[in-house]
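What follows is a single structure, written as structure tokens, with notes after it.
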Amino acid sequence: MKIDIYDNFFSEEIHKEVYNSLINSNQWSFTGGDFPNRFWHIDGLEQNQYFRSYLFKIICDKLDEDINKSFDVKRIYCNGQTACQSGVPHADDGDITLLYYPPLKWKVENGGALFFFEDEEIIKTVSYKPNRAVIFPANIVHYADAPNRFVTDLRISLAYKFLYKHN
């Protein structure tokens, strides 16, 4: 199982663009997750050329791979969690997941870590850190912890779901 972590994933300018476009979006709805673990969500970003073409090309360049030849983009969406809105352990759809953390500032004591599981044991914890990307096989069970109860900011994660191309 390979979990890759990239800090300072985008340039500072693009990092700010991504954050501002998401935090100021009028597409936020309370439709993420399943009852009783609802959270904020923006769906359908694969239809947005900024995310589907512009950022995807930068992701391919950053990873020094031609992801476009190996993968199809299945979905792109954004999750937002406020205090006490913890996720639940789950595997993702698709083959590979890239999670990107766009906030401009965040303290580790605010919480929001990402936990990975194997046989109901936590095997890896990844801190929620601005401008960090985490890439992992979609079948790894994981969940995002909520920000702690004193945090008023939104914990945002931008998710790219990739499918292997079958030649």
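A few points about this structure:
- Order of exposure, largest accessible area first, which applies to THR82, THR97, THR125, THR152 with probe 1.4 Å: THR152, THR125, THR82, THR97
- Mean separation of Cα contacts under 8 Å, 6 or more apart, over the residue count of segment 109-149: relative contact order %: 54
- Filter on LYS16/LYS57; LYS74/LYS129; LYS62/LYS107 - keep pairs with C-alpha separation over 21 Å: LYS74/LYS129; LYS62/LYS107
- Solvent-accessible surface of protein heavy atoms, probed at 1.4 angstrom with all chains present, puts ILE123, ILE59, ILE14 in the order ILE123, ILE14, ILE59, largest first.
- With 10 Å bins from 0: P(r) over segment 7-116, alpha-carbon pairs, percent: 11, 42, 39, 8, 0
- Low-density loop positions, GluC sites (Glu not before Pro), segment 66-122 - DSSP coil, at most 12 other Cβ in 10 Å: GLU120
- Residues LEU104, LEU154, LEU114 ordered from highest to lowest accessible area at a 1.4 Å probe: LEU104, LEU154, LEU114.
- Inter-probe distance in nm under a simple model that places probes 7 Å from Cα toward Cβ, at VAL88 and THR152: 3.1
- Excluding ligands, DNA and RNA, the accessible surface per residue across segment 1-141 is 55 Å² with a 1.4 Å probe.
- Relative to the Cα centre, the charge distribution of segment 62-167, modelled as +1 at Lys and Arg Cβ and -1 at Asp and Glu Cβ, gives a dipole magnitude of about 520 debye.
- Taking θ as phi - 60° and the Karplus parameters 6.51, -1.76 and 1.60, the scalar couplings of segment 7-24 work out to 8, 6, 4, 9, 4, 4, 5, 5, 3, 5, 4, 4, 4, 5, 5, 7, 5, 9 Hz in sequence order, x denoting glycine and proline.
- HIS142 accessible area, assembled protein chains, probe 1.4 Å, Å²: 10
- Calculated [222 nm] ellipticity per residue, helices only, for the chain: -3500 deg cm²/dmol; basis is -39500 (n - 2.57) per DSSP H run with n ≥ 4, divided by all residues, nearest 500.
- The three principal axes of the Cα atoms in segment 111-161 give end-to-end lengths of 33, 24, 13 Å, sorted in falling order.
- FRET efficiency, 1/(1 + (r/R0)^6) with R0 22 Å, evaluated for GLU12 and TYR54 via beta carbons: 0.85
- Close amide H pairs (under 5 Å, H built 1.01 Å from N) link ASN131 with TYR101, residues at least 5 positions away or on another chain.
- For LYS74, the residues whose modelled amide H falls within less than 5 Å of its own, excluding neighbours fewer than 5 places apart on the same chain, are LYS161, PHE162, LEU163.
The values are calculated or read from the model by the stated rules, or taken from the named source; none is laboratory data. These numbers come from a predicted model, not from an experiment. Note: ideal-geometry Cβ built from the backbone for every residue, glycine included; neighbour counts use all protein chains shown. Each accessible area value is taken on the protein alone, full model and side chains, heavy atoms only, with ligands, DNA and RNA left out. Shrake-Rupley method; radii C 1.70, N 1.55, O 1.52, S 1.80 Å.
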